[in-house]
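The block underneath contains the structure these notes are about, expressed in structure tokens.
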Amino acid sequence: MSASQTSQRTHRCGALRKEHVGARVRLGGWVHRRRDLGGIVFLDLRDRDGIVQVALGPAWAPPDVLARAGSLGAETVVVVEGEVVLRPANMKNAELATGDVEVHATRLEVVGAATTPAIPVARAKNEELPAEELRLKQRHLDLRRPELQAYLMLRHRLLQRARRTLSELEFLEIETPILTKPTPEGARDYLVPSRVHAGEFYALPQSPQIYKQLLMVAGFDRYFQIARCFRDEDLRNDRQPEFSQIDLEASFVGSDDVLAYVEAVLVALWDEAGHAVTRPFPRLRWRDAMERFGTDKPDLRYDLVIADWTAAVAPLAVPFFQTAGQNGARVRGIPVRGGSALSRKDVDQLAEAAKQLGGSGLAWVKRQGDQLSGSVAKHFTAETLGRLGVGDGDVALMTIGPDRVTSPVLDRLRQEVIRRVAPAPATAHAFCWVMDFPLFEPDAETGKPVFAHHPFTAPHPDDVAKLESDPFACRALHYDAVYNGNELGSGSIRITDASVQRTVFRHLGLTDQEIGERFGFLLQGLAAGAPPHGGFAIGFDRVVMLAAGAGSLRDVIAFPKTTAARALFEGAPAAARAEDLATLHLKVVP
Ligand code: ASP
């Protein structure tokens with residue numbers, strides 16, 4: 001007897017194989033497709049294990065059963081009983097795991113009538129999916145699609161594997177509150193009004209950051225949680241307002257320890273998804289990542305590296321480069337191997353993309369044999385290009401400006417070149433660590449220092465002296481995990497000295513009163529004997545998406561929100577009734 005057996009069925013549809021031939025089975029499932037052929041009704045019957053063909057013919061099925069089968073609509077739920085038979089060799093279906101067999105049903109009962117589905121679950125090969133908005137409104141149907149079923153089943157396995165891996169590493173799974181006090185992770189809080197305390201609010205957690213630190217103060221030593229987090233951020237394509245993190249924290253550790261724990265989890269998760277990857281992951285300093293790839297989440301599958309050509313091109317007197325050296329402007333470029341495959345139109349589009357990012361534009365030289373072409377070709381020789389690593393068949397793409405402008409431009413160019421030239425990747429799975437982030441970054445509007453990660457991150461011990469005098473030069477004990485150009489998560493070693501933590505809050509412009517109100521409970525904890533500690537949070541939804549090769553985060557979340565933070569299926573957010581608002585002591589100001 002298999003674990004899937006219940007009082008109403010003997011097997012799952014998708015589980016039947018050759019070895020079941022001759023067995024009498026009872027199955028329950030959804031009518032995926034129905035075909036009527038020469039007096040025989042064929043049903044593709046579907047459940048979470050897959051699809052099996054059920055055949056109803058006059059030779060074995062009673063007339064009333066045959067008649068009922070002939071009128072079944074798609075997505076009706078039925079229970080059928082019959083015998084598993086081997087299909088004749090020419091009738092086998094290699095595309096179905098159950099394709100060697102079919103079930104000759106003698107009984108059939110409709111147990112769940114179905115209205116005509118608003119979107120099809122069964123699709124012809126290459127048939128396009130309905131628009132996503134419609135699919136999200138009909139999520140109960142879309143979730144029946146075998147692809148989404150497979151993603152969510154993988155998600156389940158990854159969750160179990162993460163739990164097992166961390167448990168084996170002696171991490172304790174401890175839950176922290178959902179109704180909490182605000183923790184700054186750089187986004188707005190979702191607030192929950194208190195009914196019993198008029199005018200007071202809980203915040204939904206942006207992360208369990210402070211709680212996990214307090215668990216270290218309390219002596220739990222190693223904590224993890226599959227934590228649901230909420231951030232009311234401005235809408236972005238690859239974000240969800242609520243998401244899951246594999247959140248962890250450990251005591252008496254340095255960065256190396258935390259990185260080793262996180263690597264163990266990531267390697268296990270990729271293994272669970274069927275991909276062998278090796279550790280340790282290479283480490284890049286933030287400064288080098290920005291210099292060589294123009295981004296803090298470089299895609300290291302491709303060996304395309306940005307170079308500083310300021311000195312090399314200075315003698316060439318190229319007018320486009322005449323501002324080099326002024327206000328920190330540098331000439332930076334990418335030697336693109338095989339880049340002469342880029343068409344004129346490609347290059348024009350790259351130049352346009354560079355302009356849109358606020359760059360000064362793009363200069364380029366293509367080398368084919370001794371022939372040079374491109375916007376600044378007349379200033380170059382094959383020999384100068386050779387010195388820049390630009391060989392026959394290659395292209396040099398160049399731009400000029402301060403790093404803050406050229407880095408994003410070159411990052412984008414690099415991604416576009418990878419897309420258009422499609423070089424062979426050096427590896428399919430390029431994990432890396434980006435380390436030594438700056439502690440502060442300039443606020444987009446005021447230019448004042450704001451925390452790059454969060455205010456609990458410890459400054460690099462070598463830079464503590466610069467905290468006041470030169471905050472932007474101060475590095476943090478903060479690290480990111482990156483996979484194929486995607487940030488998988490962040491973490492840091494924490495400040496454990498209450499007075500240093502207080503100084504940092506002051507630095508952020510908080511008054512002592514505000515510090516007391518907002519973070520008093522953390523400071524109290526730190527002052528009560530805090531072990532050195534650090535941790536990390538892995539963005540679990542993104543991990544599932546990447547490990548599964550899914551197209552979007554919404555495909556690996558059962559009930560996701562749209563990019564506009566709406567739940568289309570259930571219809572949230574929604575207006576509240578006046579009396580509910582009154583109970584909560586709230587009034588909507590239009
Ligand atoms: N709480 C941080 C975040 O959600 C992760 C960490 O520092 O552990 O990004």
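Can you compute the helix-only [θ] at 222 nm over the chain? Use -39500 (n - 2.57) per DSSP H run of at least 4 residues, normalise by all residues, nearest 500 deg cm²/dmol.
-8000 deg cm²/dmol
Could you pull out every one of the lysines with an alpha carbon less than 20 Å from that of Lys181, ignoring same-chain neighbours closer than 8 positions?
Lys212
Just to check I understand the Karplus step: with θ = phi - 60° and J = 6.51 cos²θ - 1.76 cosθ + 1.60, what whole-Hz values come out for the range 18-24, glycine and proline as x?
Each residue of the range 18-24 in turn: 3, 5, 8, 4, x, 7, 8 Hz.
Please report the net charge: other residues with Cβ closer than 14 Å to the Cβ of Arg301, K and R +1, D and E -1. Walk me through the numbers on the way to the answer.
Details: positive: Lys297, Arg414, Arg419; negative: Asp299, Asp303.
After counting each charged neighbour, the total is +1.
Compute the Cα gyration tensor for the range 79-144, then decide on rounded, prolate or oblate, letting a ≥ b ≥ c be the square roots of its eigenvalues: rounded whenever a/c is under 1.5, prolate when a/b is larger than b/c in the other cases, and oblate in all that remain. Please list the in-between numbers first.
Working: a/c = 3.86, a/b = 1.56, b/c = 2.47.
Taking the square roots of the gyration eigenvalues as a ≥ b ≥ c, the range 79-144 is oblate.
Need one word for the range 297-442: rounded, prolate or oblate. Basis is the Cα gyration tensor (sqrt eigenvalues a ≥ b ≥ c); a/c below 1.5 gives rounded, then a/b vs b/c decides.
On the way: a/c = 1.67, a/b = 1.14, b/c = 1.47.
Because a/c hits 1.5 or more and a/b fails to exceed b/c, the range 297-442 counts as oblate.
Beyond 21 Å, what share of the Cα-Cα pairs of the range 464-584 remains, rounded to the nearest whole percent? Don't jump to the answer; show the numbers that get you there.
Numbers: 4739 of 7260 pairs.
Roughly 65 percent, rounded to a whole number.
How charged is the neighbourhood of Gly82? Take every other residue with its Cβ under 11 Å from the Cβ of Gly82, and add Lys/Arg as +1 and Asp/Glu as -1. Let's see the in-between values first.
Details: positive: Arg24, Arg26, Arg107; negative: Glu81, Glu83, Glu102.
Net of charged neighbours comes to 0.
Over the alpha carbons of the range 241-327, what is the largest minus smallest coordinate on each principal axis, giving the biggest first in Å?
55, 32, 31
After finding the eigenvalues of the alpha carbon gyration tensor for the range 147-285, what semi-axes result from the square roots of 5 times each, listed largest first in whole Å? Display every interim value, and only then the final one.
Details: eigenvalues 168, 84, 44 Å².
Value: 29, 20, 15 Å, ordered largest first.
Checking the a/c ratio against 1.5 first, then a/b against b/c, what shape does the Cα gyration tensor give for the range 1-122?
Values: a/c = 1.29, a/b = 1.14, b/c = 1.13.
Note, shape of the range 1-122 comes out rounded.
Provide the FRET efficiency to the nearest 0.05 for the Arg195-Thr106 pair, computing r from the beta carbons and using R0 = 41 Å. Let's see the in-between values first.
On the way: r = 59 Å, r/R0 = 1.44.
So, using R0 = 41 Å, E works out to roughly 0.10.
Using only the alpha-carbon atoms of the range 386-501, report the extent along each of the three principal axes, biggest first, to the nearest angstrom.
60, 33, 28
Under 9 Å from the Cβ of Asp512, count the other residues' Cβ atoms, weight Lys and Arg +1, Asp and Glu -1, and hand me the total.
Its environment carries a net charge of +1.
Where does each of Leu172, Leu584, Leu259 land when they are ranked from fewest to most other beta-carbon atoms within 10 angstrom?
Working: Leu172 13, Leu584 16, Leu259 22.
Ordered from fewest to most neighbouring Cβ atoms within 10 Å, Leu172, Leu584, Leu259 come out as Leu172, Leu584, Leu259.
Pull up the cross-link candidates among the lysines for Lys18, meaning alpha carbon to alpha carbon under 20 Å and not fewer than 8 places away within one chain.
Lys92
Using Cα positions and a limit of under 15 Å, work out the aspartates and glutamates in reach of Lys587, with same-chain residues fewer than 8 apart set aside.
Leaving aside aspartates and glutamates fewer than 8 places away in the same chain, those within reach of Lys587 are Glu200, Glu579.
Compute the distance in nm between two label points, each set 7 Å from the Cα along the Cα-to-Cβ direction, one at Glu128 and one at Ala528.
Placing both labels 7 Å along Cα→Cβ, they lie 6.0 nm apart.
Once fully extended, how much extra length lies between Lys466 and Lys355, figured as 0.36 nm per residue of separation less the alpha-carbon to alpha-carbon distance?
Roughly 36.4 nm would be gained on extension.
Using the scaling law 2.2 N^0.38 Å as the reference, what is the normalised Cα Rg of the chain? Walk me through the numbers on the way to the answer.
Working: Rg = 29.9 Å, N = 590, 2.2 N^0.38 = 24.9 Å.
So the chain has a normalised radius of gyration of 1.20.
By how many nm would the segment from Asp271 to Arg344 grow when fully extended, if each residue of separation counts as 0.36 nm and the alpha-carbon distance is taken off? Don't jump to the answer; show the numbers that get you there.
Details: separation 73, 0.36 × 73 = 26.28 nm, distance 4.27 nm.
In short, 22.0 nm is gained.
Provide, as a two-decimal number, the C-alpha radius of gyration of the range 73-196 over 2.2 N^0.38 Å, N being how many residues it has. Spell out each step's value before the answer.
On the way: Rg = 23.0 Å, N = 124, 2.2 N^0.38 = 13.7 Å.
That ratio works out to 1.68.
Ranking Met290, Met153 by Cβ neighbours within 10 Å, fewest first, what do you get?
On the way: Met290 22, Met153 13.
Ranked by crowding around the Cβ, least crowded first: Met153, Met290.
Bear in mind these aren't lab numbers, they're just calculated from the coordinates by the rules spelled out. Quick caveat: nothing in here was measured; it's all calculated off a predicted structure. Virtual Cβ from ideal backbone geometry, glycine too; neighbours counted across all protein chains shown.
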